[in-house]
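Have a look at this one.
Quick note: the coordinates plus some simple rules give every number you see, no bench work behind them. Values in this document were obtained by computation on a predicted structure and should not be read as measured data. Backbone-built Cβ (ideal geometry, glycine too); neighbour counts: all protein chains shown.
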Ligand code: NZQ
Ligand code: ZN
């Protein structure tokens with residue numbers, strides 16, 4: 001193993017931490033832009049509590065509301081303009097992954113020359129990552145993406161229906177205020193999709209990372225086992241604060257870089273799913289619930305021992321035939337998705353076979369390597385991507 005690791009985001013975790021928002025925001029300036037989504041934070045009182053905390057600390061604010069799930073480039077540009085025009089010192093993201101991702105790019109906008117889409121990979125030769133951004137404070141209201149404590153953002157260009165990502169050191173939030181109480185109002189379906197998302201964040205590295213990372217394997221397995229235990233409890237009873245807290249901590253750890261350190265892993269399942277949520281505006285975690293098991297069945301053929309390890313350590317499956325053990329483990333995993341109400345077939349999320357080529361082309365446009373393949377273990381050709389999607393119809 002040979003790697004560098006740094007995560008500069010300060011984390012405040014626990015029920016009631018929203019009350020400290022004003023105190024931490026004041027350390028970063030006197031005027032904030034609060035970024036929100038479609039209104040959930042207004043309906044459940046989170047917005048008012050955030051504002052009360054800011055006001056008590058002497059922080060004024062402007063709002064940029066209306067960020068959509070699967071945030072659109074136009075919304076991100078709109079927010080960037082507000083931050084620039086209003087001379088905001090700090091950007092506060094109050095919402096799910098979509099709001100947090102949008103807020104990060106809005107924070108970079110005042111310092112970015114040219115079209116913001118140029119920082120996202122979409123097949124262009126010259127990709128210019130942002131180098132500077134306003135400090136961002138993330139306040140996640142949904143446990144899923146891990147965006148609160150990482151340097152990534154995912155945005156959709158609605159003109160082309162391409163969804164892509166940007167990652168840059170300046171996009172790490174300054175502070176993540178992670179208060180599980182804010183997630184008790186998340187509906188059952190979004191709770192379950194979040195569980196699938198956080199699990200996929202660690203299965204990507206588990207199955208696509210380099211060999212010889214036993215500590216990372218155990219970290220990933222710990223996250224998965226925790227999600228399998230507490231995820232169903234959070235789905236069954238949204239007000240179970242203990243379950244909400246464990247799921248939320250799992251989602252933070254799953255993609256703040258710690259579990260992935262040293263694995264050098266690409267994210268093929270994510271790259272494929274992003275084309276589906278770009279085209280069909282489905283929730284990212286719902287798309288993953290379908291694509292991840294389908295991809296696992298494909299990848300297990302070339303490395304059954306790895307998948308047999310997953311089957312044994314996660315589901316206690318013992319079978320001397322690695323391929324049989326692998327298949328049994330994936331069956332259990334898929335059954336778990338179904339048990340918490342997630343889809344496991346594309347038809348359940350309104351996707352048929354008419355655009356499979358398009359999804360594969362878009363995936364490779366965003367994330368293909370010089371050989372025109374999608375990095376992963378194994379690397380995938382266009383035909384492989386189509387095959388995986390077809391198997392999930
Ligand atoms: O928009 P509002 O009204 O806030 O409603 C949202 C939205 O409809 C609602 N919601 C959020 N918190 C709630 C709530 N409803 C009730 N009570 C609450 N407390 O949930 C719906 C979905 O929200 P969204 O933010 O879209 O979901 P999620 O957190 O799953 O984020 C998904 C986005 O993040 C990207 C995805 O591609 C997708 O665009 N990702 C970002 C990553 C990153 N930055 O590291 C990694 C991920 O793999 C992912 O790709
Ligand atoms: Zn994800």
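For residue 355 and residue 215 in the same chain, what is the full-extension length gain: residue separation times 0.36 nm, less their Cα-Cα distance, in nm? Could the numbers behind the result be given before it?
Details: separation 140, 0.36 × 140 = 50.40 nm, distance 4.02 nm.
Answer, rounded to one decimal: 46.4 nm.
Rounded if a/c is under 1.5, else prolate if a/b beats b/c, else oblate: with a ≥ b ≥ c from the C-alpha gyration tensor eigenvalues square-rooted, which is the stretch 132-250? Can you show the working numbers first?
Working: a/c = 1.56, a/b = 1.14, b/c = 1.37.
Oblate, since a/c reaches 1.5 and b/c is not below a/b.
For residue 60 and residue 188 in one chain, what is 0.36 nm times their gap in residues minus the Cα-Cα distance, to one decimal in nm?
On the way: separation 128, 0.36 × 128 = 46.08 nm, distance 3.46 nm.
Roughly 42.6 nm would be gained on extension.
Counting DSSP beta bridges in the chain, what percent are antiparallel, to the nearest 5? Each step should come with its number before you reach the end.
Working: 7 of 28 bridges.
Bridges in the chain are about 25 percent antiparallel.
How large is the helix-only mean residue ellipticity at 222 nm for the chain, computed as the sum of -39500 (n - 2.57) over DSSP H runs with n ≥ 4, divided by its residue count, in deg cm²/dmol to the nearest 500? Numbers along the way, then the final one.
On the way: 14 runs with 186 residues, N = 393.
After summing the helix terms and dividing by the residues of the chain, the value is -15000 deg cm²/dmol.
What's the FRET efficiency of residue 52 with residue 111 using the Cβ-Cβ distance as r and R₀ = 45 Å, to the nearest 0.05?
On the way: r = 31 Å, r/R0 = 0.68.
E(calc), rounded to 0.05, equals 0.90.
Binning every alpha carbon pair distance of the stretch 229-354 at 10 Å from zero, what are the percents per bin?
Pair shares across the bins are 12, 32, 42, 14, 0.
Compare 95, 65, 39 in a GNM of the chain, Cα atoms joined below 10 Å, and give the one with the largest fluctuation.
39
Taking just the C-alpha trace of the stretch 10-183, give me its Rg and Dmax in Å.
In Å, with Rg to one decimal and Dmax whole: 14.8, 48.
When the Kirkwood radius is taken over all Cα pairs of the chain, what Stokes-Einstein diffusion coefficient follows at 37 °C and 0.692 mPa s, in µm²/s? Working shown, then result.
Details: Rh = 21.0 Å.
In µm²/s, the coefficient rounds to 156.
Next up: Between 381, 145, 55, find the one with the highest GNM mean-square fluctuation for the chain; connect C-alpha pairs within less than 10 Å.
Maximum among the listed residues: 55.
Further question on the same structure: Would you work out the relative contact order for the chain, in percent, from Cα pairs under 8 angstrom that are 6 or more residues apart?
Numbers: 814 pairs, mean separation 59.9, N = 393.
Contact order relative to length: 15 percent.
How far is helix 284-300 tilted off the main Cα axis of the chain, in degrees rounded to 10, range 0 to 90?
That works out to roughly 30 degrees.
While we're looking at this one, here's another question. Considering the Cα trace of the stretch 181-247, what is its radius of gyration and what is Dmax, both in angstroms?
When restricted to the Cα atoms of the stretch 181-247, Rg and Dmax are 13.3, 41 Å.
With a point put 7 Å past each Cα toward its Cβ, work out how far residue 20 is from residue 369 in nm, to one decimal.
Result for the modelled spin labels: 4.3 nm.
Any idea how far the Cα center of the stretch 183-220 sits from the one of the stretch 229-257, in Å?
So the two Cα centres are separated by 12 Å.
On a 0 to 90° scale, report how tilted helix 241-254 is relative to the longest principal axis of the chain, with both axes built from alpha carbons and the result rounded to the nearest 10.
Value to nearest ten degrees: 80.
If you count the DSSP beta bridges with both ends in the stretch 10-183, what percent of them are antiparallel, to the nearest 5? List each step's numbers first, then the result.
Working: 6 of 27 bridges.
Counting only bridges with both partners in the stretch 10-183, antiparallel ones make up about 20 percent.
Further question on the same structure: For the chain, set up a GNM with springs between Cα atoms under 10 Å and report which of 93, 102, 325 has the largest fluctuation.
The residue with the greatest mean-square fluctuation here is 325.
How far is helix 188-208 tilted off the main Cα axis of the chain, in degrees rounded to 10, range 0 to 90?
Long axis of 188-208 versus the principal axis of the chain: about 60 degrees.
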